[in-house]
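Below is one structure, written out as C-alpha cells; the observations come after it.
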C-alpha cells in the first residue's frame with residue numbers, strides 16, 4: 001500500500017511539473033509572429049503548441065473569411081491543398097521580404113493566399 005501511495009505521489013508530481021514546464025504565452029501581433037510559430041523547429045521546446053496555434057489561427061481566419069466573403073473571394077483553393085505545406089509556404093513568403101513581417105497577421109496571411117491561390 002505504501003508503494004502504491006508513493007507511486008501515485010510521484011506520478012502527480014511528474015505530471016504537475018511537466019504541465020508547468022509546458023505552459024507558454026503566445027502572442028501574434030503581425031505576420032512575422034505568425035510565421036515564427038508556423039515555422040517552429042519540431043524538435044524545439046513547445047513546438048507542438050506553437051504549430052498547433054498557427055494552424056488553429058489560420059483555420060479560424062479562413063472560417064470567418066469564407067462565411068462573410070460571399071462572391072468577393074480573396075483566394076481560391078484547388079482540390080487537395082495540404083495545410084502543413086501551405087503554412088510552410090507562408091513562412092517562406094514572410095521570410096522572403098521584410099515588409100511581409102510587419103503586415104497584420106490576418107492581412108498578411110490572406111495576401112499570401114491571394115498570391116499563392118488566386119481565383120481565376
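Values for this structure:
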| read-out | value |
| --- | --- |
| Order of 86, 102 under a 10 Å beta carbon neighbour criterion, fewest first | 102, 86 |
| Sorted by Cβ density within 10 Å, fewest first, the residues 62, 37 | 62, 37 |
| Percent RCO, i.e. relative contact order, over region 27-116, from Cα pairs under 8 Å lying at least 6 residues apart | 48 percent |
| Global geometry of region 59-120, whether rounded, prolate or oblate, following the gyration tensor of its Cα atoms and the 1.5 cut on a/c | prolate |
| Residue order, fewest to most surrounding Cβ atoms within 10 angstrom, among 27, 116 | 27, 116 |
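We did not get these values from a lab; they are worked out from the coordinates using the rules stated. Keep in mind it's a predicted model, so treat the numbers as computed, not measured. We place every Cβ from the backbone using ideal geometry, glycine too, and count neighbours over all the protein chains shown.
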